[in-house]
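Since every read-out is calculated from the coordinates, none of them should be taken as a lab result. Fair warning: this is a prediction, and the values are worked out from it, not measured in the lab. Cβ sites come from the backbone with ideal geometry, for glycine too, and all protein chains shown count toward neighbours.
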Amino acid sequence: MKLVIAILAIFGSSSLASSQAMIQLVEAFAFETTPGMSNGAAYITINNTGQAEAKLVGVSSGLAEHTQIHTHEQDGDIKRMVAVDLPVFLKPGEQLAMRPGGIHIMFLGIKRPMEVGDQITVVIQFEGENLEVDVDVFGLQMFEMLTGHSPHNHNADEDHSDHEGSHHNH
């Protein structure tokens, strides 16, 4: 776990000052996709270090046809990915930590593979202002270190049936 913390500490950060809300985006990372994958994911920690509530209204990226915020829900034996209802409110001092197996940014219909060393620009959209962050793409070994699972069947293991008609790409 110390290795994971050290790796996450190397990521840069971006910040946005917005009418008393102070947003920091840190630990922005993603993992490479394997041949044939049509979807990918990114993970970012969003900190509201300001005095006012921040209203997260969407995400976007030129990498994919649709970019959404997703989470996982367990439905019997199937782990189902669902789009998060927006907006998401972050109170002063609150943190939203996106991680594998939890809330994350979902790239649906990626236009090109996500390869080790790539940087993907993601726009985190807050009410009234947007903040760009460059997401570093790491190898699948890092995914396995963080989660203890192999991501190679991401498209097959997850039920993406709810994606049609529920796009929150802004």
Exercise. Under a point spin-label approximation (7 Å from Cα along Cα-to-Cβ), what is the Glu53-Asp75 distance to one decimal in nm?
Worked result: 3.0 nm
For this session: Provide the packing ranking of 121-129, 88-96, i.e. peptides ordered by the mean count of other C-beta atoms within 10 Å per residue, highest first.
Result: 121-129, 88-96
For this session: Can you tell me which of 106-116, 38-48 comes out highest on packing, and rank the rest after it, using the mean Cβ neighbours within 10 Å?
Result: 38-48, 106-116
Exercise. Label 7 Å along Cα→Cβ of Thr147; the stretch 41-67 residues with amide nitrogen under 13 Å?
Worked result: 41-43
